[in-house]
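Structure first, commentary second.
What follows is calculated from the coordinates using simple rules that are stated; it is not laboratory data. Just so we're clear, the structure is a prediction, and the values are computed from it rather than from any experiment. Every residue, glycine among them, receives a Cβ derived from its backbone with ideal geometry; neighbour counts consider all protein chains shown.
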Amino acid sequence: MLKQLRPAISVLAFMTLVTGVVYPLTVTGVAQLAFPAQANGSLITGAKGEVLGSSLLAQPFSGTEWFHPRPSAAGFATVASGASNLAPSNPALAERIAADAQRLQAEGQGAVPMQLVTTSASGLDPHLSPAAAQFQIARIAVARGIPTASLERLIEQHVQRPLVGPAVVNVLALNLALADNSPPAQAE
């Protein structure tokens with residue numbers, strides 16, 4: 001019996017060392033060398049070095065003077081991230097979307113973009129389409145007393161065009177630019 005037990009324990013100890021220590025340390029080291037910002041959470045820091053948020057996670061913004069992200073079924077909590085699991089045929093989902101759309105609807109603006117009334121799969125998506133950000137311009141312009149053209153330029157400056165997929169705007173970056181109170185650069 002000891003003849004079969006010794007190799008089993010040796011393989012267990014070896015695999016535990018390789019997969020539990022060597023591999024994680026190697027991956028962490030490569031990530032820190034090759035992608036240090038991403039490996040450390042893609043944190044955005046302020047002028048004084050304080051962490052303001054992560055460019056990878058949505059944060060709640062309330063008030064008429066801010067760009068609002070997509071709704072979150074998890075309340076923007078990373079521990080409980082996830083979708084609401086309500087089926088498209090569920091009346092509760094349809095009622096919530098209708099109420100949100102009615103709340104966001106402004107006269108003369110057209111239909112509310114779907115991104116502003118539907119949650120993402122994780123509930124933590126930090127991006128909106130440029131159209132969803134532009135839909136909010138009228139509300140923010142009135143609340144802040146900023147010309148709509150300035151907000152349009154601000155959105156255009158923050159549009160990210162990934163290699164694959166549609167153009168997106170990071171809501172945290174937009175709101176940090178608004179909080180900065182620096183006038184947006186003039187369009188050329």
*Roughly how many nanometres apart are two label points built 7 Å out from the Cα toward the Cβ at V159 and S62?*
3.3
_Nearest-ten-degree value, helix 91-104 long axis tilted from longest Cα axis of the chain_ = 50
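Quick check: net charge around R70, other residues with Cβ under 11 Å of its Cβ, Lys/Arg +1 and Asp/Glu -1? Don't skip to the answer; put the middle values down first.
On the way: positive: none; negative: D100, D125.
Taking every Cβ under 11 Å from that of R70, the sum is -2.
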_So for each of 89-99, 11-21, 61-71, 143-153 I average, over its residues, the number of other beta carbons within 10 Å; can you give me the resulting order with the highest mean first?_
61-71, 143-153, 89-99, 11-21
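What does the highest-first list of 128-136, 27-35 look like by mean Cβ count within 10 Å?
Values: 128-136: 20.9, 27-35: 10.8.
For the peptides 128-136, 27-35, the packing ranking is 128-136, 27-35.
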*What is the order of I155, I44, fewest Cβ neighbours within 10 Å to most?*
I44, I155
*Separation of the range 122-162 and the range 1-60 by C-alpha centroid, Å?*
35
*Please determine, in degrees from 0 to 90 and to the nearest 10, the orientation of helix 2-17 with respect to the longest principal axis defined by the Cα atoms of the chain, where the helix direction is its Cα long axis.*
30
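Viscosity 0.692 mPa s, temperature 37 °C: Stokes-Einstein D of the chain from its Kirkwood Cα radius, in µm² per second?
166
Mind giving me the FRET efficiency for V21 and V79? R0 is 25 Å, r the Cβ-Cβ distance, nearest 0.05 is fine. Mind showing how you got there, number by number?
Working: r = 26 Å, r/R0 = 1.06.
Approximately 0.40, to the nearest 0.05.
Computed over the Cα atoms of the range 1-40, what is the ratio Rg over Rh, Rh following Kirkwood? If you can, show how the numbers build up before the last one.
On the way: Rg = 16.0 Å, Rh = 11.9 Å.
Across the range 1-40, the Cα-based Rg/Rh ratio is 1.34.
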_Point-to-point label distance, L5-S122, nm (Cα→Cβ direction, 7 Å offset)_ = 4.7
*Round to the nearest 10 and give me the degree value, 0 to 90, for the angle of helix 171-180's Cα axis relative to the longest principal axis of the chain.*
60
